[in-house]
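What follows is a short report on a single structure.
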Amino acid sequence: MLHPNFPVPIQVMQSALKFNDLTPGDIVELDDVKVETALLNHPNTAIGYRVTWQGHTAVYCTDTEHFPDRLDENVVHLARNADVLIYDANYTNEEYYDFKSPKVGWGHSTWQAGVEVAKAAGVKKVVMFHHDPGHDDNFLDRVEADVQAVFANSCLAREGMSIPVI
């Protein structure tokens, strides 16, 4: 919540805010909601979240980059048997590994890596998000069709979308 990542001063917020610092690996219980955290692979550090309530689980992994030679054990652990995995799928494999303009090391992943994680972790539904701003609607429609061809219960996130977790 500090500049340059968050340019709006916290004093501008019109609510009573309470902050709790989290360290990757923390497990927090708030009434009957359990939140597990894990370190993600990002140059400036990021944390993924597994939120479980009434036997249903949603996992949120943004700003994470897959490893080229293995699945990220932290992401697989968070995603284990989740109802939904919301995964950073900024690129396609072709863009990520493009020798002219590689995206390796930028802290974002591909939809193909997200599908691998979802399959390995036994995820029921995967939602790809964190789209590259250079992708237009037609490009994203093609990506969604490609994702659904290999993981039927999947979609691309859209503004205003809600995802039932039951």
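Bear in mind that the values in this text are calculations on the coordinates, not laboratory data. Fair warning: this is a prediction, and the values are worked out from it, not measured in the lab. Reconstructed Cβ throughout: ideal geometry from the backbone, glycine too, with neighbour counts over all protein chains shown.
Would you mention how many residues in segment 32-86 are aliphatic (A, V, I, L, M), in contact with a Lys or Arg (Cβ under 6 Å, 6 or more places away or on another chain) and assigned to a strand (DSSP E or B)? Explain how you work it out, then say what you get.
Kept after step one, since they are aliphatic (A, V, I, L, M), are these residues of segment 32-86: 33, 35, 38-40, 46-47, 51, 58-59, 71, 75-76, 78-79, 82, 84-86.
Adding the requirement that they be in contact with a Lys or Arg (Cβ under 6 Å, 6 or more places away or on another chain) leaves 59, 78, 84.
Imposing the further condition that a residue be assigned to a strand (DSSP E or B) reduces the set to 59, 84.
Residues flagged as aliphatic (A, V, I, L, M), in contact with a Lys or Arg (Cβ under 6 Å, 6 or more places away or on another chain) and assigned to a strand (DSSP E or B) within segment 32-86 amount to 2.
The single residue among K119, K100, K125 that is farther than 30 Å from V33 by Cα and of a type outside the set (V, I, T) turns out to be K100. The residues of segment 134-164 that are part of a loop (DSSP other than H, G, I, E, B) and over 16 Å from the mean Cα position of the chain (by Cα), listed by number, are G134, H135, D136, F151, A152, N153, G160, P164.
Would you say T92 is buried (at least 18 other Cβ atoms within 10 Å of the Cβ), within 24 Å of E144 (Cα to Cα), touching a Phe, Trp or Tyr at 6+ places or on another chain (Cβ under 9 Å) and polar (S, T, N, Q)? Criteria met by T92.
Scan segment 124-132 and tell me whether some residue there is of a type in the set (D, E) and without any contact (Cβ under 8 Å) to a residue 12 or more places away in the chain.
First, the residues of segment 124-132 that are of a type in the set (D, E): 132.
Right, trim to without any contact (Cβ under 8 Å) to a residue 12 or more places away in the chain and you get none.
No, segment 124-132 contains no residue that is of a type in the set (D, E) and without any contact (Cβ under 8 Å) to a residue 12 or more places away in the chain.
Scanning segment 42-73 for residues that are surrounded by 18 or more Cβ atoms within 10 Å (Cβ to Cβ), of a type in the set (S, T, N, Q) and touching a residue at least 40 places away in the same chain (Cβ under 8 Å), we see that the one that is farthest from Y97 (Cα to Cα) is T57. Among the residues making up segment 74-87, those that are surrounded by 17 or more Cβ atoms within 10 Å (Cβ to Cβ) and either out of contact with any Leu (no Cβ under 6 Å at 6 or more places or on another chain) or over 17 Å from M128 (Cα atoms) (or both) are N74, V75, V76, L78, A82, D83, V84, L85, I86, Y87.
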